[in-house]
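Asker: Quick one: this structure, given as structure tokens, is what I'll be asking you about.
Every number here is computed from the coordinates shown, using simple stated rules; none is lab data. Predicted, not measured: the structure shown is a model, and the values here were computed from it. Neighbour counts are summed over all protein chains in view; Cβ atoms, including those assigned to glycine, are modelled from backbone coordinates with ideal geometry.
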Amino acid sequence: MQRNPVTPKGYIALQAELKRQKSVVRIGIVRDIEEARAHGDISENAEFEDAKERQSMCEGRIALLENQVAAAEVIDPSKMKQQDRIVFGATVDLENEAGDARTYQIIGETEFDIDNGKISWKSPLAQALIGKNDGDEVEVPAPGGRQVWEVVGVRYI
């Protein structure tokens, strides 16, 4: 099984979502199926078909979450030795030639949130950054063309 790095916060979120799916969503769907069966003939019962479809989707989500939790390798960035080299968990300050500044934290693929500056370690930007040092320039392929960014800060929080 391939291990997937995740932050402690991301691991807790995975576990919470798995618990919610099992103890709230799944149980609600079972109640919906029982209620739809009580209406009689299930061969032409749209409520029953809907509930069975939601049950299938829920079970698939549960299986996915169980695999993600099992494969998770929890890495706490705050406990990492401070260094200038970029690795998983690093928060990186970037600046491009036009003077635009951005800050991203490199995290697990299940916890990315680009709107809040969190990118998956598998993203093209993170792949370009990993292994670089403070002061290095990185070239990143982008839909609008190649982008060049300078690493102006690396920290682990």
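Asker: Using Stokes-Einstein with the Kirkwood hydrodynamic radius over Cα pairs, what translational diffusion coefficient do you get for the chain at 20 °C and a viscosity of 1.002 mPa s, in µm²/s rounded to a whole number?
Answerer: Using the Kirkwood radius from Cα pairs, D works out to 117 µm²/s.
Asker: What does the extension gain come out to for ASP134 and ASN67, with contour length at 0.36 nm per residue minus their alpha carbon separation?
Answerer: 20.6 nm
Asker: Using helices alone, what [θ] at 222 nm do you get for the chain, with -39,500 (n - 2.57) per DSSP H run of 4 or more residues, divided over all residues and rounded to the nearest 500?
Answerer: Mean residue ellipticity at 222 nm (helix-derived): -12000 deg cm²/dmol.
Asker: What's the longest bit of the chain with no exposed trypsin sites (Lys or Arg not before Pro), using DSSP loop states and at most 11 other Cβ atoms within 10 Å as the test?
Answerer: Answer from the scan: 4-80.
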